[in-house]
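**Student:** Sending over a structure as structure tokens; questions will come in a sec.
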Amino acid sequence: MPREMHLVGYCCVTPTWHNNGAWRHFESDGIEALNPERYENIARILERGKFDGMFFVDVLMLNDMHGGSFAPNLRQPGQTWMLEPMQLLSAIARVTTHLGLSATMSTSFYHPYHIARSFATLDHMSGGRAAWNIVTSTNDNEARNFGKDALLDKAVRYDFADEVVEACQALWRSWDEGALIHDRENGIYADPSKVHYVNYEGRFVRTRGPLTTPRSPQTSPVLMQAGSSDRGRQFAARWAEVVFTLHADKAHMKAFYDDLKGRVIKAGRDPGHCAILPGIDVVIGETESIAREKADYINSLVSAELGVAEISNAIGVDLSEYPLDKPVHDMEITQGARGMLDLILQGAGDKTLRDAGYIWGVRQMAPQVIGTPAMIADFMQEYFEADACDGFIISPSLSPTAYAQFVTGVVPELQRRGIFRNDYRGRTFRENLRDHGGG
């Protein structure tokens, strides 16, 4: 079967996604950010487009890194306040039948027993469509919300995360296949011999088990991850089935793709079982000029100052101490989320901090792809066939309009070219991911 790309829709329970001014657009559903019907509608659109899944970002604090205040992120809403995504996905599971459902949960704050039980439950509720976006967290203020003074060192956080995933895997397998036998005649509902203690004990993590939740359709959820540092890539090579990444151009995408696929092979895994999906923001028009006019207007609503505040939050460094006209490459920053900072510098060139804030406010370092459906498909096909990716995380600058335009315009183009499925062929999220390869 020819290689076909994967598509996952990007979401946050916030007024806007990457473009921090899009909520101001008259077509935006951003003012409905707390209404679950907003996300149910997006999910239905994505499922009509045969997307592999939808993916919810989550944070565990009101961002206040910039200037020591959360005011910038509330006055002009960035990705700062969010509902708990697992409960929202449980609702979405009831209005969809094929779409994979991914939520973010931090290994730094949630015990593996809680994580394993939550995702096993979602997997049951969705009929095998759950996915866990694994994060280790990057901001000490998140730690303070959970009664800790600070996060562990980054390298140790990933060691800790390895143990959390190991423990979760053991818990998900604490019920054997066929443990539920439903024998009415003999009055036996479950076979106790097929349920086992885990007794996992690592350096950081302990859990006895067994899980209270029977084995789910996928056994374990699909595992997603987005780390870009060397240690994050090592973690992804061991565990990730979907990798979300941000790169400003094809050369950086290709370098990341080749490096991570090589690590997956060294980890003893099938590289086709790790789909690498860079994020792209799309603005679609009936003609190129219409699309560019739309993008110009949407981007004119962006706040560069908020973008700088969002970079502060992303890298864990207060940038309010730097003048906005200072060239980014002259800023000696070594602490914080270095991997994220490197991604920001990819697109900064000799630009100032204000310029970087505007770029971040427009697309958060993902390419903003502007054009007709055929032009968008051309871009995606070029990167896909260059083995720079296995598909894309689609983050429209305008929701829900651009999701619908992508599904009605771009998806048929990809299908006509034979590089995207015409229908779902699997029953679970993992089956659909592996049905047509990952590179």
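**Student:** Please count how many residues of region 285-316 are under 24 Å from Met54 (Cβ atoms) and within 22 Å of the chain's Cα centre (by Cα).
**Tutor:** Adding up the residues that qualify gives 3.
**Student:** Can you find a residue in region 290-299 that is at positive phi, at pLDDT 80 or above and not aliphatic (A, V, I, L, M)?
**Tutor:** no
**Student:** Any idea how many residues of region 180-220 are under 21 Å from Ser126 (Cα atoms) and within 33 Å of the chain's Cα centre (by Cα)?
**Tutor:** Number satisfying all stated conditions: 10.
**Student:** Shifting gears a bit: Taking the stated definitions as given, is Asn41 at negative phi, surrounded by fewer than 22 Cβ atoms within 10 Å (Cβ to Cβ) and part of a helix (DSSP H, G or I)?
**Tutor:** So Asn41 fits the description; yes.
**Student:** Is it the case, given these coordinates, that His18 is in contact with an Asp or Glu (Cβ under 6 Å, 6 or more places away or on another chain), crowded, with 24+ Cβ neighbours inside 10 Å and at pLDDT 90 or above?
**Tutor:** In short, no.
**Student:** Continuing with the same structure: Mind checking which residues of region 277-312 are polar (S, T, N, Q), part of a helix (DSSP H, G or I) and surrounded by fewer than 19 Cβ atoms within 10 Å (Cβ to Cβ)?
**Tutor:** Answer for region 277-312, where residues must be polar (S, T, N, Q), part of a helix (DSSP H, G or I) and surrounded by fewer than 19 Cβ atoms within 10 Å (Cβ to Cβ): Ser289, Ser300.
**Student:** Would you check if there is a residue in region 72-83 being surrounded by 18 or more Cβ atoms within 10 Å (Cβ to Cβ) and part of a helix (DSSP H, G or I)?
**Tutor:** Looking through region 72-83, at least one residue is surrounded by 18 or more Cβ atoms within 10 Å (Cβ to Cβ) and part of a helix (DSSP H, G or I).
**Student:** Inside region 14-38, can you point out the residues that are part of a helix (DSSP H, G or I) and closer than 22 Å to Val308 by Cβ?
**Tutor:** Scanning region 14-38 gives Ala22, Trp23, Arg24, Gly30.
Per-residue answers, yes or no, for (1) surrounded by 14 or more Cβ atoms within 10 Å (Cβ to Cβ); (2) at pLDDT below 95; (3) touching a Phe, Trp or Tyr at 6+ places or on another chain (Cβ under 6 Å):
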site: Leu151; (1), (2), (3): yes, yes, no
site: Lys154; (1), (2), (3): yes, yes, no
site: Asp162; (1), (2), (3): yes, no, no
site: Cys168; (1), (2), (3): yes, no, no
site: Leu171; (1), (2), (3): yes, no, no
site: Ala179; (1), (2), (3): yes, no, no
site: Arg184; (1), (2), (3): no, no, no
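**Student:** Within region 76-89, restricting attention to residues that are touching a residue at least 60 places away in the same chain (Cβ under 8 Å) and touching a helix residue (DSSP H, G or I) at 6+ places or on another chain (Cβ under 8 Å), which residue is farthest from Ala314 (Cα to Cα)?
**Tutor:** For region 76-89, the residue satisfying everything is Leu88.
**Student:** Now for a different question. Quick one: would you say Ala366 is of a type outside the set (Asp, Glu), closer than 29 Å to Ser28 by Cα, assigned to a helix (DSSP H, G or I) and in contact (Cβ under 8 Å) with a residue 24 or more places away in the chain?
**Tutor:** Against the criterion (of a type outside the set (Asp, Glu), closer than 29 Å to Ser28 by Cα, assigned to a helix (DSSP H, G or I) and in contact (Cβ under 8 Å) with a residue 24 or more places away in the chain), Ala366 does not qualify.
**Student:** While we're looking at this one, here's another question. State which residue is farthest from Met54 (Cα to Cα) when the search covers only region 187-227 and only residues that are part of a strand (DSSP E or B) and among the charged types (D, E, K, R).
**Tutor:** That would be Glu201.
**Student:** Still on this structure, please answer the following. Would it be correct to say that Glu142 is under 24 Å from the mean Cα position of the chain (by Cα) and surrounded by fewer than 18 Cβ atoms within 10 Å (Cβ to Cβ)?
**Tutor:** So Glu142 fails the test.
**Student:** With Ala255, Ala237 as the choices, which residue is buried (at least 23 other Cβ atoms within 10 Å of the Cβ) and outside any loop (DSSP other than H, G, I, E, B)?
**Tutor:** From the options Ala255, Ala237, the qualifying one is Ala237.
**Student:** A further question follows. Which number in (1) in contact (Cβ under 8 Å) with a residue 40 or more places away in the chain; (2) more than 17 Å from Arg117 (Cβ to Cβ) marks the one condition that Glu201 misses?
**Tutor:** Against the list (1) in contact (Cβ under 8 Å) with a residue 40 or more places away in the chain; (2) more than 17 Å from Arg117 (Cβ to Cβ), Glu201 comes up short only on (1).
**Student:** Quickly run through region 397-432 and pick out the residues that are part of a helix (DSSP H, G or I), under 14 Å from Pro2 (Cα atoms) and in contact (Cβ under 8 Å) with a residue 24 or more places away in the chain.
**Tutor:** Hit for region 397-432 is Leu414, nothing else.
**Student:** Could you tell me whether Ser216 is at negative phi, of a type outside the set (Asp, Glu), touching a helix residue (DSSP H, G or I) at 6+ places or on another chain (Cβ under 9 Å) and surrounded by 23 or more Cβ atoms within 10 Å (Cβ to Cβ)?
**Tutor:** Answer is yes for this residue.
**Student:** Could you please find all residues in region 240-251 being out of contact with any Cys (no Cβ under 8 Å at 6 or more places or on another chain), buried (at least 19 other Cβ atoms within 10 Å of the Cβ) and of a type outside the set (Gly, Ala, Ser)?
**Tutor:** Scanning region 240-251 gives Phe244, Thr245, Leu246, His247.
**Student:** Let me ask another. Kindly state which helices (runs of 4 or more DSSP H) lie completely within region 85-179 and contain at least 3 residues that are within 20 Å of Arg215 (Cβ to Cβ).
**Tutor:** Where helices (runs of 4 or more DSSP H) fall fully within region 85-179 and carry at least 3 residues being within 20 Å of Arg215 (Cβ to Cβ), they are 85-93, 112-126, 154-172.
**Student:** Right, another one. Out of all the residues in region 375-393, which are in contact with a helix residue (DSSP H, G or I) (Cβ under 6 Å, 6 or more places away or on another chain), more than 15 Å from Arg292 (Cβ to Cβ), outside any loop (DSSP other than H, G, I, E, B) and of a type in the set (A, V, I, L, M)?
**Tutor:** Selection gives Ala377 alone.
**Student:** I would also like to ask the following. Can you report the number of residues in region 19-42 which are in contact with a Gly (Cβ under 8 Å, 6 or more places away or on another chain) and either β-branched (Val, Ile, Thr) or under 20 Å from Thr96 (Cα atoms) (or both)?
**Tutor:** Here the count works out to 1.
The values are calculated or read from the model by the stated rules, or taken from the named source; none is laboratory data. Quick caveat, the model's predicted, so the values are computed rather than measured. Note: ideal-geometry Cβ built from the backbone for every residue, glycine included; neighbour counts use all protein chains shown.
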